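Notes follow the structure.
The values are calculated or read from the model by the stated rules, or taken from the named source; none is laboratory data. Quantities reported herein were computed from a predicted structural model and do not represent experimental measurements. No Cβ is skipped: glycine too gets one built from the backbone with ideal geometry, and neighbour counts run over all protein chains shown. Side chains included, ligands, DNA and RNA excluded: accessible areas come from the protein's heavy atoms. Shrake-Rupley method; radii C 1.70, N 1.55, O 1.52, S 1.80 Å.
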Amino acid sequence: MKSNLKWRFWLIAIIILVSVIYVMPSLLGSKLPYWWKKPLPTDKVHLGLDLQGGMHLVLGVKLEKAIENTLETTVGALKDDIQKKGAVYDYIKRIDQRSIELNVVKADFVPKVQEILNDYFNFTITHPYQGSSTKFLLTFKEAEITRLRESTIDQAQKTITDRIDQFGVAEPMVAKQGEDRILVQLPGIKDTQRAIDLIGKTAQLEFKLVDEEHSIDKALQGQVPEGSEVLYERSRDKVTGQVVKKPYLLKSNALMTGNLLTDARIQPGEYGTPYVSMTFNKFGAMLFEQITGENVGKRLAIILDDNVYSAPVIREKIGGGRAQITGNFTDEEARDLAIVLRAGALPAPVEILEQRTVGPSLGQDSIHMGIISFIIGTALVILFTIMYYKLSGIVANIATFLNVLIVLAFMAAFKATLTLPGIAGIVLTVGMAMDNIVIIFERIREELDLGKTAGAAISAGYDKAFSAVWDSAMTNVIAAIILYIFGTGPVKGFAVTLSIGLISGVFTAVVLTHFIFDWFLLKGKITKLSI
């Protein structure tokens with residue numbers, strides 16, 4: 001037993017030491033000594049939205065808009081393909097949220113068009129259509145609609161996650177909710193409007209030429225030339241605070257979009273006003289050089305979500321794959337703009353369906369009440385176990401304390417988030433760990449009643465109780481795993497805390513308490529057990 005005792009001692013000592021190292025940052029916070037901060041972990045147990053306050057959002061993703069955008073893109077691609085084949089069409093247009101209508105000028109072009117349409121295998125193609133031999137109807141297949149909806153919600157979740165990560169929020173939660181919703185929880189966030197603006201911006205970046213051949217005044221009166229559109233540059237007057245709108249008449253076709261960007265960064269401007277510097281990928285750099293080279297002397301508008309940010313005159317061909325967005329930015333506005341450009345555009349607009357702000361005072365009250373209930377509950381358990389099991393009750397309390405320590409250390413080490421349900425999970429864990437110890441102690445008592453010695457009773461008690469303790473813990477762990485798989489947010493936090501607590505509860509009840517009894521038997525020469 002002596003050698004067995006030695007490895008159990010070192011196992012327990014290492015687990016306790018590692019647990020203390022991971023829990024200390026949460027206990028001491030900024031009071032950690034300087035020498036600790038380099039070699040040892042400094043991450044605290046992260047508090048959830050319900051404990052430290054923050055923002056809760058449910059966003060609805062407009063999936064139908066993504067399907068419409070895909071149809072519009074397909075219309076553009078069809079036009080290019082038909083022109084390259086030398087065929088002539090009358091019109092190609094989206095006629096609803098599922099279909100495109102294509103009208104070919106002459107029946108002679110129909111074979112060429114049919115050959116092109118063979119590549120559009122995501123559509124069901126009908127021809128002739130409505131009795132005319134020159135019309136085609138392309139309708140999205142249901143499988144393609146389903147794929148588009150799934151990929152759009154996945155892409156929207158990833159884009160929002162990237163933006164929040166770059167925004168610098170610790171322990172955010174971004175999760176799909178149903179088929180078309182995204183749940184966002186931002187613990188500790190204070191500037192809620194800024195966060196909403198950052199998350200909700202579609203960030204569709206486009207470069208369009210200014211239409212200087214037609215009159216902007218006539219366009220504002222409703223006479224917008226075909227192939228052009230009116231967009232506005234919006235800026236806030238620093239003195240009056242009013243939003244000033246400056247109209248631009250622009251060519252409708254975008255020469256370039258933001259999907260060719262590789263980086264966007266805030267840079268200090270000449271007069272202290274920041275601007276955003278953008279870098280394109282290799283293809284984007286070539287395209288930008290070609291666009292600027294072919295349009296020297298013209299104005300190129302930089303547009304984000306239909307808002308014109310600037311429309312500078314192209315003085316010369318611009319190589320190197322870089323461009324700038326200038327404007328009357330504050331540092332925060334320029335930084336947020338760089339974030340959304342780096343994270344990419346949302347595949348579809350989002351709308352806020354539910355918004356709740358949890359105040360930090362409510363979180364502090366929750367923590368305060370949780371600590372009070374934990375202290376009262378723990379004190380009662382300590383008192384009861386000592387009264388009922390005498391000196392063995394102290395062993396039980398040591399095991400329970402270490403159980404909580406291990407749970408908190410695990411949460412700090414793996415950056416898990418402690419929520420109010422998580423605190424409930426810890427309290428429940430304390431009760432279940434004590435229940436394991438009670439089962440063991442009662443078996444030991446039964447063995448002592450049979451007249452066995454202290455050593456024999458302890459050995460037999462642990463042997464007989466182990467299966468009950470193990471089976472109980474594993475069935476609860478399975479239930480917690482199911483909760484984690486099908487639950488969301490706080491329910492998952494509860495499941496994680498409970499699972500860790502159950503496993504560490506088995507360790508402290510079976511290994512730790514057994515070690516303490518064996519150590520006293522070996523070192524203390526105990527002949528009578530106080531239990």
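Below is a table of values for the structure above.
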item	result
TRP7 - accessible surface, heavy atoms, 1.4 Å probe, Å² rounded to 10	140 Å²
Cα long-axis angle, helix 513-524 against the chain (0 to 90 degrees, to the nearest 10)	30 degrees
3J(HN,Hα) from dihedral phi, the range 500-509, Karplus parametrisation 6.51/-1.76/1.60, rounded to Hz, x for glycine, proline	4, x, 5, 5, 5, x, 5, 4, 5, 6
Qualifying chymotrypsin sites (Phe, Trp or Tyr not before Pro) in the range 349-448, DSSP loop, other Cβ atoms within 10 Å at most 13	PHE414
Selection from ILE303, ASN118, ASN403 lying farthest towards where the dipole of the chain points positive, charges on Cβ	ASN403
Cα-projected label distance for LEU11 with GLU316, points at 7 Å along beta-carbon direction, nm	7.5 nm
Spatially proximal aspartates and glutamates relative to LYS84 (Cα-Cα < 15 Å; intrachain offsets below 8 disregarded)	GLU115, ASP119
log₁₀ of I(q)/I(0) at q = 0.15 Å⁻¹ - the range 197-292, Debye sum with one point per alpha carbon	-0.88
Order of exposure, largest accessible area first, which applies to LYS79, LYS135, LYS218 with probe 1.4 Å	LYS218, LYS79, LYS135
Neighbour cut-off at most 13 other Cβ (10 Å), DSSP loop, trypsin sites (Lys or Arg not before Pro), the range 430-531	LYS525, LYS528
Modelled FRET efficiency - R0 56 Å, GLU68 with SER373, Cβ distances, 0.05 increments	0.60
Share of pairwise Cα separations in the range 275-361, more than 16 Å, in percent	66 percent
For the range 426-492, alpha-carbon Rg relative to the globular expectation (2.2 N^0.38 Å, N residues)	1.48
Cross-link partners of LYS190 among aspartates and glutamates (Cα-Cα below 15 Å; sequence separation of 8 or more within a chain)	ASP50, GLU171, GLU332
Straight-distance crosslink candidates among aspartates and glutamates, where the alpha carbon sits under 19 Å from LYS390 and sequence neighbours closer than 8 are dropped	ASP435, GLU442, GLU446, GLU447, ASP449, ASP518
Which of PHE167, PHE486, PHE121 is most accessible, then next, and so on - probe 1.4 Å	PHE486, PHE121, PHE167
The chain, relative contact order [Cα under 8 Å, separation at least 6], %	18 percent
Largest to smallest principal axis extent of the C-alpha atoms in the range 400-531, angstrom	52, 25, 17
Of the trypsin sites (Lys or Arg not before Pro) in the range 149-206, those whose Cβ has at most 12 other Cβ within 10 Å and which sit in DSSP loop	LYS190
Cα long-axis angle, helix 2-28 against the chain (0 to 90 degrees, to the nearest 10)	50 degrees
Two-site FRET efficiency, ASP154 against ASN103, from Cβ-Cβ distance with R₀ of 35 Å, rounded to 0.05	0.45
